[in-house]
């Protein structure tokens, strides 16, 4: 057990750049994508529903990026689950398709945290890798009168290293992280903040940013805007192409047949000179999104619900933290002189919806409505006014 | 032939006159002018003033109540707009209903789908208490329309009205909107439409734009280009908001005529404990009730046969009862007991015809 002051002092001096060693993280995407046909997309990602209870399944993956990580088998380690009441349990571990998986029920609303910790000594350094997943269980059918404390993040007091995503202002179960939001992560070792840890955030599209935790153990990132409106032929702007769903389905079919998708290889949807995405590049960017979805978050496998688009689309990020501690000891008979702690968790973010909204056009449409009815009613009334016509009677 | 025609005209006239005379006699019956009982007090109420304060209170409760931690649930049979976020004291039932109907069919038509019935049961319980008086006394959007009408009066402009032919055609629009709000979510649940078409009616409803304005929230005043569905719905929503603002200025309760909630209410109005009744034998077909009706409901004056006179366009504002000069011709029954009825005394008081004491 470490004292907080000592901990921060220790870590300030020995933080290291991210090592080449692959990290561990937990994914809700199965290695066999056909398994997703039975899943439903919920507020907390893909779930199975058994007897009207959400069941979450997570798979262990090894690697430093969302798109290139392999599914992994555990090396004699254990999973832990922290439920909404902050009770810790150990879910059973399953194996299949070369990957370790855990399944657990989420009967109550709130955040569930799953952890997997692995320890191994290599070259005199004890590597302690902790994979974490934070999963929200919320069902709108159950109403929205929930205790706001349930929105607060859970923490595992014994975690060797844990990243805790601090909540956005006024966050609730419906809040989505969007491009432009300032995300704050607290890095903690056994419940105490860690200063100077290296924190790295990588988005699905490969954008990487690195920060160091401050004296409160907090590292901040502003979520990058990497989705841009796509102009269609009529000049309308969309966050995804109108027929994105169909394209995705087509690509999925091609993949099933073992051929590369039509959009394969279009991965560099970056900004044009001057920062403004060109029409071509923007479209390419949209396609790239579809490409990445195939690896993580593909709508095609969303129980067949492939036509989600617009503001509903979302990308994922992987945030990882690590630090090196000068602690000597022995683990399973192997001596070590240092401990290398690392942890990683995923999250999702949506495009900044404001880039595809127009208030001025809204006002123009409302004005058009007012004008149409105002002019229409005035003309109609005028047409109904009949000129005065004298009627004479012959009284004889 | 012409004699028969004249007779046809004469008979209702004679019948009206006979009723009128009978009522004249009953008007002097001592029990009707004796003492000021609670019932007499209610029958003599200044409905316009009562309604103004009741509507204002309901408006404040629903539009700002959330800030005082008031939560009436999400099955309210009135436009307590959920887009008014934290300030709303409850949520209009149409919002959760559209959400629930957009569930995957496998879920909707399973035991899980029973929660839809749960929400509906709560809606029905709320509705049965007040029937369509939710529209006439509580609906914030209706209240805003009444305020705009007040503004028009101040400008001294005359109000618009529909011809019988226009009325006959336009009255079906609310049923079309009701079908849209029920079936589009079902198509989404069946994966025949994108989720971008979700909550279609809310996207069209002017309440989404207008009600949050009272909390300084203009976030709904926009067109969303994030997808085709959103773009179409939000553009239409903004256009309809423009129509709403101008229409309410030109025509009393302009939007209520097209309101799908009104159509939804009407389906269950027969079950309500709160009923508007007409005693045809006491009606002289003077037409006062029709003239004061914001929704131009003609049968309220013409129909002397039907007892249960509540029509689909009715908002149960009770202006017809207050404007009726005939004793007991129109009345409001709650659980079979009359709580408010038209009286000569009340009519005279409201019209300022009472002799000074």
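The values are calculated or read from the model by the stated rules, or taken from the named source; none is laboratory data. Since we're looking at a predicted model, the values are computed, not measured. Reconstructed Cβ throughout: ideal geometry from the backbone, glycine too, with neighbour counts over all protein chains shown.
Taking the range A:347-363, which residues are without any contact (Cβ under 8 Å) to a residue 60 or more places away in the chain and within 8 Å of chain B (Cβ to nearest Cβ)?
A:357, A:358, A:359, A:361, A:362, A:363
For the range A:338-346, state whether one or more residues are over 19 Å from residue A:189 (Cα atoms) and either in a strand (DSSP E or B) or over 19 Å from the mean Cα position of the chain (by Cα) (or both).
no
Going by the conditions given, is residue A:54 under 30 Å from residue B:189 (Cα atoms), surrounded by 15 or more Cβ atoms within 10 Å (Cβ to Cβ) and modelled with pLDDT of 85 or more? Talk me through it step by step, then tell me what you get.
On the way: under 30 Å from residue B:189 (Cα atoms): yes; surrounded by 15 or more Cβ atoms within 10 Å (Cβ to Cβ): yes; modelled with pLDDT of 85 or more: yes.
When the stated conditions are applied, residue A:54 passes them.
Quick check on my filter: what residues within the range B:35-77 are surrounded by 12 or more Cβ atoms within 10 Å (Cβ to Cβ) and outside any helix (DSSP H, G or I)?
If the condition is that a residue be surrounded by 12 or more Cβ atoms within 10 Å (Cβ to Cβ) and outside any helix (DSSP H, G or I), then B:44, B:45, B:46, B:70, B:71, B:72, B:73, B:74, B:75, B:76, B:77 are the ones that fit.
Of everything in the range A:96-125 that's free of Cβ contacts under 8 Å to residues at least 40 places away in the same chain and part of a loop (DSSP other than H, G, I, E, B), which residue is surrounded by the most Cβ atoms within 10 Å (Cβ to Cβ)?
Top of the filtered list is A:108.
Taking the criterion of being crowded, with 21+ Cβ neighbours inside 10 Å, under 26 Å from the mean Cα position of the chain (by Cα) and away from every other protein chain (no Cβ under 11 Å), would at least one residue in the range B:215-231 satisfy it?
Among the residues of the range B:215-231, not one is crowded, with 21+ Cβ neighbours inside 10 Å, under 26 Å from the mean Cα position of the chain (by Cα) and away from every other protein chain (no Cβ under 11 Å), which makes the answer no.
Which of (1) assigned to a loop (DSSP other than H, G, I, E, B); (2) buried (at least 19 other Cβ atoms within 10 Å of the Cβ) is the odd one out, the single condition residue A:91 does not satisfy?
(2)
Checking the conditions here, which among B:274, B:249, B:264 is within 14 Å of chain A (Cβ to nearest Cβ) and buried (at least 20 other Cβ atoms within 10 Å of the Cβ)?
Values: B:274 fails: within 14 Å of chain A (Cβ to nearest Cβ); B:264 fails: within 14 Å of chain A (Cβ to nearest Cβ).
Step by step, each of B:274, B:249, B:264 is checked, and only B:249 is within 14 Å of chain A (Cβ to nearest Cβ) and buried (at least 20 other Cβ atoms within 10 Å of the Cβ).
Can you name the number of the only condition in (1) under 21 Å from the mean Cα position of the chain (by Cα); (2) more than 14 Å from every other protein chain (Cβ to nearest Cβ) that residue A:120 fails?
(1)
Identify all residues within the range B:215-254 that are without any contact (Cβ under 8 Å) to a residue 40 or more places away in the chain, in contact with a helix residue (DSSP H, G or I) (Cβ under 8 Å, 6 or more places away or on another chain) and assigned to a loop (DSSP other than H, G, I, E, B); write none if there are none.
Once the filter is applied, which keeps residues that are without any contact (Cβ under 8 Å) to a residue 40 or more places away in the chain, in contact with a helix residue (DSSP H, G or I) (Cβ under 8 Å, 6 or more places away or on another chain) and assigned to a loop (DSSP other than H, G, I, E, B), the range B:215-254 yields B:218, B:219, B:221, B:222, B:225, B:226, B:227.
Among the residues of the range A:71-89, are any in contact with a strand residue (DSSP E or B) (Cβ under 8 Å, 6 or more places away or on another chain), at pLDDT below 90 and under 30 Å from residue B:110 (Cβ atoms)?
Scanning the range A:71-89 turns up no residue that is in contact with a strand residue (DSSP E or B) (Cβ under 8 Å, 6 or more places away or on another chain), at pLDDT below 90 and under 30 Å from residue B:110 (Cβ atoms).
Could you figure out which of (1) over 19 Å from residue B:266 (Cβ atoms); (2) surrounded by fewer than 19 Cβ atoms within 10 Å (Cβ to Cβ) isn't true of residue B:179?
(1)
Considering only residues of the range A:201-213 that are in a loop (DSSP other than H, G, I, E, B) and surrounded by fewer than 17 Cβ atoms within 10 Å (Cβ to Cβ), which is modelled with the highest pLDDT?
Residues of the range A:201-213 that are in a loop (DSSP other than H, G, I, E, B), as a first pass: A:204-207, A:213.
Subset that is surrounded by fewer than 17 Cβ atoms within 10 Å (Cβ to Cβ): A:206-207.
Numbers: A:206: 87, A:207: 90.
Among those that are in a loop (DSSP other than H, G, I, E, B) and surrounded by fewer than 17 Cβ atoms within 10 Å (Cβ to Cβ), it is A:207.
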